[in-house]
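What follows is one structure encoded as structure tokens, with my remarks underneath.
The values are calculated or read from the model by the stated rules, or taken from the named source; none is laboratory data. Fair warning: this is a prediction, and the values are worked out from it, not measured in the lab. Cβ sites come from the backbone with ideal geometry, for glycine too, and all protein chains shown count toward neighbours.
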Amino acid sequence: MKKDLKIKIAILSIALYVASNSVVSGTLVFMQRDFGISITNAESLITLSSIATIITIFLSEKITQKIGMKKCVMIGLFLVGLSSILPIISTSYPSVFISRLIMGAGVGLFNGHSANYINVFYKDEEAYRLHGIRNSTEFISQMIFLFIAGLLIKIHWKYAFLVYFFAFFIMSYFNKTIPEVATKDAVDIGKFKINKQILFYAIFAALMIMNVTALSVRFPTVATNQKGIGVDANLYMIILPMSGMIFGFLFGIINRILREKTILLGLGIYIIVNIVLAILGNDMYIFLLCMVFIAFSQSLCIPYLFAEVSRFVKGSHGRIANNLIFIGCNVGGFIAPFFLKLVNNILETTSLTLAFTAFSFIYAIMFILNVYENKKIKLEK
């Protein structure tokens, strides 16, 4: 029992950095000022790590087959810890640029395994419950790291990057607790093929993370416009992970009741909230309220995707499917600021929030497609 608890803690601990990409978003206005760069370039520095993450996710299955899941996770955590040091040594645009790439490369090596380990050690309802808690763990880490980064920014914005230093301690605990597991399939399960369900999950994951990243990179500017450059944006942004943490623990209960309708509820909330955000989001308090509902939707949909993968894809194919979903997540995270700029150009506006209407439109299409697929499956039965 005690050993099982330690294993669960170790597995969930690696999820602490899976969604830590934007925990240093409070540095945006300072980097923009000190480096003399545009808001889009400053926002892309935050999301830059997603490029490296995507590359190493592509490589992670081959690396896992060569050295095993455990060593793959350990190398990833080491790189995340290492990324915390560069901006302190040299506070310049190139050092932050390189730091973000190293951090992203590290995350790409273990983010898929944060879900894979659950599917290896646990099944059925316990797996669903742990996927919900894993999602909450991501939000808990965001809340803690945002708070710590906010305190460190008051000393100097470069110290905010020290939130990634804690990865060294997680690496040590993980190494002591988790045993090596088999990475090769016991029987030949053939070549992996991407079906429309996995493709839908990857696109949906990309959209959700693009949405929440757009919130994270846009809120500091909204808050600064309303409160001035001295506003502690990180302190306000804690509401996003705090909400996600609470709702994540409820996923198992909600999913038992709604089953396949869980994803429809999440999509419905996404549609409504992004419309409200587009129209009224220039008020920072309405923006914050929208963050709460977005966190609720994400807490319903993200764990649902990973839990469903373990149900219809097995063995190494399950790891590849999870990696594709995480690739979607990181593609969404990286392109968020560029997507906002593109929509603003199409709409010919400089509004900070009007671009969120595009999210509602895409979610509405996905809602219709999901309803259609569910009806089709029922008719086939």
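Residues of the stretch 324-337 being surrounded by fewer than 24 Cβ atoms within 10 Å (Cβ to Cβ) and of a type outside the set (Val, Ile, Thr), which ones?
Within the stretch 324-337, 324, 337 qualify.
Which pairs turn up if I take residues in the stretch 206-232 that are among the polar types (S, T, N, Q) and look for partners that are surrounded by 24 or more Cβ atoms within 10 Å (Cβ to Cβ) and not in a loop (DSSP other than H, G, I, E, B) with beta carbon separation below 6 Å, at least 6 apart in sequence or on another chain?
Here the result reads 211/359; 213/333; 213/336; 216/25, each pair linking the stretch 206-232 to a residue that is surrounded by 24 or more Cβ atoms within 10 Å (Cβ to Cβ) and not in a loop (DSSP other than H, G, I, E, B).
For the structure I just gave you, tell me whether residue 162 is modelled with pLDDT of 85 or more, over 30 Å from residue 354 (Cβ atoms) and not aromatic (Phe, Trp, Tyr). Before the answer, list the steps.
Values: modelled with pLDDT of 85 or more: yes; over 30 Å from residue 354 (Cβ atoms): yes; not aromatic (Phe, Trp, Tyr): yes.
In short, yes.
Over 20 Å from the mean Cα position of the chain (by Cα), over 19 Å from residue 241 (Cβ atoms) and touching a residue at least 40 places away in the same chain (Cβ under 8 Å) - does that describe any residue in the stretch 50-64? It would help to see each step written out before you state the result.
Keep residues of the stretch 50-64 that are over 20 Å from the mean Cα position of the chain (by Cα), which gives 62-64.
From the residues that got through so far, the ones that are over 19 Å from residue 241 (Cβ atoms) too are 62-64.
Subsequent filtering for residues that are touching a residue at least 40 places away in the same chain (Cβ under 8 Å) retains 63-64.
Looking through the stretch 50-64, at least one residue is over 20 Å from the mean Cα position of the chain (by Cα), over 19 Å from residue 241 (Cβ atoms) and touching a residue at least 40 places away in the same chain (Cβ under 8 Å).
Pairs under 8 Å by beta carbon, first residue closer than 13 Å to residue 340 by Cβ in the stretch 31-48, partner surrounded by fewer than 19 Cβ atoms within 10 Å (Cβ to Cβ) and of a type in the set (Ser, Thr, Tyr), six or more apart or different chains?
39/221
Under the condition of being out of contact with any Pro (no Cβ under 7 Å at 6 or more places or on another chain) and at pLDDT below 80, which residue from the stretch 21-44 is nearest to residue 327 (Cα to Cα)? Before the answer, list the steps.
Filtering the stretch 21-44 for residues out of contact with any Pro (no Cβ under 7 Å at 6 or more places or on another chain) gives 21-24, 27, 30-39, 41-42.
Keeping just the survivors that are at pLDDT below 80 gives 21-22, 39.
On the way: 21: 14, 22: 17, 39: 25 Å.
Among those that are out of contact with any Pro (no Cβ under 7 Å at 6 or more places or on another chain) and at pLDDT below 80, it is 21.
So the check is Cβ under 7 Å with 6+ separation or different chains; which pairs have a first residue in the stretch 113-129 that's β-branched (Val, Ile, Thr) and a second one that's in a helix (DSSP H, G or I)?
From residues that are β-branched (Val, Ile, Thr), the pairs are 118/11; 118/127; 118/130; 118/131; 118/134.
If only one of 29, 24 is within 24 Å of residue 235 (Cβ to Cβ), among the β-branched types (Val, Ile, Thr) and surrounded by fewer than 24 Cβ atoms within 10 Å (Cβ to Cβ), which one is it?
The unique qualifying residue is 29.
Do we have residue 319 as crowded, with 21+ Cβ neighbours inside 10 Å, basic (Lys, Arg) and closer than 26 Å to residue 127 by Cβ here?
yes
Can you tell me which of (1) in contact with a Leu (Cβ under 7 Å, 6 or more places away or on another chain); (2) farther than 23 Å from residue 335 by Cβ; (3) hydrophobic (A, V, I, L, M, F, W, C) is the one residue 205 doesn't meet?
(2)
Within the stretch 7-18, identify whether any single residue is more than 18 Å from the chain's Cα centre (by Cα), surrounded by 18 or more Cβ atoms within 10 Å (Cβ to Cβ) and part of a helix (DSSP H, G or I), and answer yes or no.
yes
Any idea how many residues of the stretch 182-217 are closer than 17 Å to residue 341 by Cα and at pLDDT below 90?
3
Pairs only if they're at least six apart or on different chains, beta carbon under 6 angstrom, first in the stretch 136-148 and touching a residue at least 24 places away in the same chain (Cβ under 8 Å) and under 15 Å from residue 167 (Cβ atoms), second part of a helix (DSSP H, G or I) and among the aliphatic types (A, V, I, L, M); list them, first residue then second.
137/12; 137/15; 138/15; 141/16; 145/163
Exactly one condition in (1) among the hydroxyl-bearing types (Ser, Thr, Tyr); (2) buried (at least 22 other Cβ atoms within 10 Å of the Cβ); (3) farther than 19 Å from residue 144 by Cβ is not met by residue 216; state its number.
Result: residue 216 passes all but (3).
If I ask for residues that are small (Gly, Ala, Ser) and either under 16 Å from the mean Cα position of the chain (by Cα) or over 30 Å from residue 95 (Cβ atoms) (or both), which ones from the stretch 111-169 would you list?
Initial filter on the stretch 111-169 (small (Gly, Ala, Ser)): 112, 114-115, 127, 132, 136, 141, 149-150, 160, 167.
Hits for the stretch 111-169 are 112, 114, 115, 127, 132, 136, 141.
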